[in-house]
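Let me begin by presenting the structure, written as structure tokens, before commenting on it.
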């Protein structure tokens, strides 16, 4: 049974996460962890790390507030937020050993394997800015990946300290996401209910009524900010996340993110390692 420290009941968590498991995708693991000489500045070795690092995994479905709270966690613990996509692009650009492998796979139209992704993470977390720890965002996505991450950290006698899962009912997420409009040129964002542009003036949101406050130009919605697309994204998220939360059950903290921003942050602060 999943044991989760949270301000919401386990029964409620099950209701929120009880969606059909549509798929379970995982690449074959293996033992390919690219070797790399650890630099003295990090002072890590196979025998262990010199001091405990705050290693956090952050989960949250689209619209849960990850983008709002992740920077606050970064500031609070003095450690970077690591996105697998950003790390992959950086490794390819830098021409590292695993980056070169990833580039070859991508250029051939293939999918980057878990081995390569974990190798990229292994390289990245040895950089100076990870001396106090790091926050993983978007990884792991499967239990196999979680086990590979655990094995990678075990090489330096480390382990994940906390898994934070931001929890919001799907119907609330639908309202949050499907009401989003953006001004493409500037990146300014609006919401038809929570942060409408002046032009809306109580009318129904359409490209004619949703105009940027500064330029008067029409706003637009992302193609995946529709109910149909969001439903698929949420089903995929729940299918991936439930098994991973079970894998890390002893260190999972579920945060009720269906509150005002300040209240959510207060709950997050309480569970930071």
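Laboratory data are not the source of any read-out in this text; all were calculated from the coordinates shown. Computed from a predicted model, the values in this text were never measured in an experiment. Every residue, glycine as well, gets a Cβ built from its backbone with ideal geometry; the counts of neighbours run over all protein chains shown.
Here are the numbers for the structure shown:
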item	result
Neighbour-count order for 226, 206, 156, fewest beta carbons within 10 angstrom listed first	206, 226, 156
Global form of the stretch 177-273, assessed from the alpha-carbon gyration tensor, a/c cut-off 1.5	prolate
Ranked list, fewest to most other Cβ atoms within 10 Å of each Cβ, for 148, 87	87, 148
Cα-projected label distance for residue 129 with residue 151, points at 7 Å along beta-carbon direction, nm	2.9 nm
Theoretical FRET efficiency, 1/(1+(r/R0)^6), r = Cβ-Cβ of residue 261 and residue 111, R0 30 Å, to 0.05	0.25
Average Cα contact separation per residue, the stretch 50-203, under 8 Å, 6 or more apart, as relative contact order %	35 percent
Added length on full extension, which subtracts the Cα-Cα distance from 0.36 nm per residue, residue 193 to residue 213	5.7 nm
Which of 193, 147 has the fewest Cβ neighbours within 10 Å, and the rest in rising order	193, 147
